[in-house]
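Values quoted throughout were computed directly from the atomic coordinates according to the rules given, and no laboratory measurement underlies them. Only a predicted model underlies this, so the values are computations on that prediction, with no experimental measurement involved. Here the Cβ is made from the backbone with ideal geometry for all residues, glycine too, and neighbour counts use every protein chain on show.
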Amino acid sequence: MSEQNSAKPSGHRAWIYHVIFEANTPLARGFDLCLIFFIAASVILVMLDSVESIREVWHRELYIAEWFFTIIFTIEYLLRLYSIGKPLKYATSFFGLIDLLCIIPTYLSLFFAGTQVMLVVRLIRVLRIFRILKLFHYVGEAAALTKAMQASRRKITVFLFTVLTMVVIFGSLMYVIEGPENGFTSIPRSIYWAVVTLTTVGYGDITPQTNIGQFLSSVVMIMGYGVIAVPTGIVTVELSQTMKRHMMLVCHGCGEEGHEADADYCKYCGTELSRRDGKQRHLKPMPLPDRQLKNEPDKNTGSHDSDKT
């Protein structure tokens, strides 16, 4: 228990923790809103920087703005590591790695300069777009959606395997029916047509010409609507069940969220949990059965109800 309590921040570290990781005070909500604005603005900045005409005119301003956002996110990252109970645990978590990925590209660009490494510089610049993943810190439903996707992964895997089997069969049939003279030059190319048709995308670069081929194409198109509906239904059911089972519980130690509603301690590091929104963490206790109440001794007299009779 002492190890669990030691991971909990105290003093000014606790104040920084509540501002950064929780959202039950106006200051904490203001911090979240400001950071969301900075994230969105920095992502837009990366997009504008990729437009050559804009980059040529506003190169200096874009460069200064990029360093401004990088410094802001660096300070935020360091404060997260400082205020949380277990910095290494958070640094190696999903959101910790995302936070690090948001600031590293700008610093790496200092070591990759020159026209001979422009491809590397361009890649580093594009990596900054991952800052948008930081928004998951502030979307409470993200944890529930992640849990729902994890819970339905087996069903979706089976479904995808079924779809893969279908496109192989339909592609092979179309290769036999149409043949190379109508554009179906190989089974892999015919499978590509089956994927495009089954997903109702329909590029139109390959089209069946025979009556049998067009009939088979119509069957694949109709089945495509069912293909779209199945994974949506799977995730929806799991999401509704997940929302009932989970609350927004955030760990002081590693920053993980989405624990069970009645959990007292983090299942990843063992630190005591708290609600991100500041509301009551524990569920209301269930009332004891009347039979059990009668057998309990009276607090004042120490006797059972049965003794009174």
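If you stretched the chain out fully between residue 214 and residue 53, how much longer would it get, using 0.36 nm times the residue separation minus the C-alpha to C-alpha distance?
53.3 nm
Amide H of residue 179: which non-local residues (sequence gap of 5 or more, or other chain) have their own amide H closer than 5 Å, using H built in the peptide plane?
Residues meeting the amide H criterion: 184.
Determine, for 254, 269, the number of other Cβ atoms within 10 Å of each Cβ, and report the residues in order from fewest to most.
Ascending Cβ contact count within 10 Å gives the list 269, 254.
So what are the ³J(HN,Hα) numbers for the range 187-193, from phi and the Karplus equation (6.51, -1.76, 1.60; θ = phi - 60°), rounded to whole Hz, Gly and Pro as x?
So the J values, rounded to whole Hz, are 5, x, 5, 5, 5, 4, 4.
So who's got an amide H within less than 5 Å of the one on residue 272, skipping anything under 5 residues away but keeping other chains? H placed 1.01 Å off N, in plane.
266
Please work out, to two decimal places, the log10 of the ratio I(q)/I(0) at q = 0.18 Å⁻¹ from a Debye calculation in which every Cα of the range 151-245 carries one identical scatterer.
Here log10 of I(q) over I(0) equals -0.77.
For the range 42-47, just list the computed ³J(HN,Hα) in residue order, Karplus coefficients 6.51, -1.76 and 1.60, θ = phi - 60°, integers in Hz, with x standing in for Gly and Pro.
With the stated coefficients, the range 42-47 comes to 5, 5, 4, 4, 4, 5 Hz.
Counting other beta carbons within 10 Å of each Cβ, put 155, 86 in order, fewest first.
If I rank by nearby Cβ atoms, fewest first, I get 155, 86.
If amide hydrogens are placed 1.01 Å from N in the peptide plane, which non-local residues have theirs closer than 5 Å to the one on residue 251?
Residues meeting the amide H criterion: 256.
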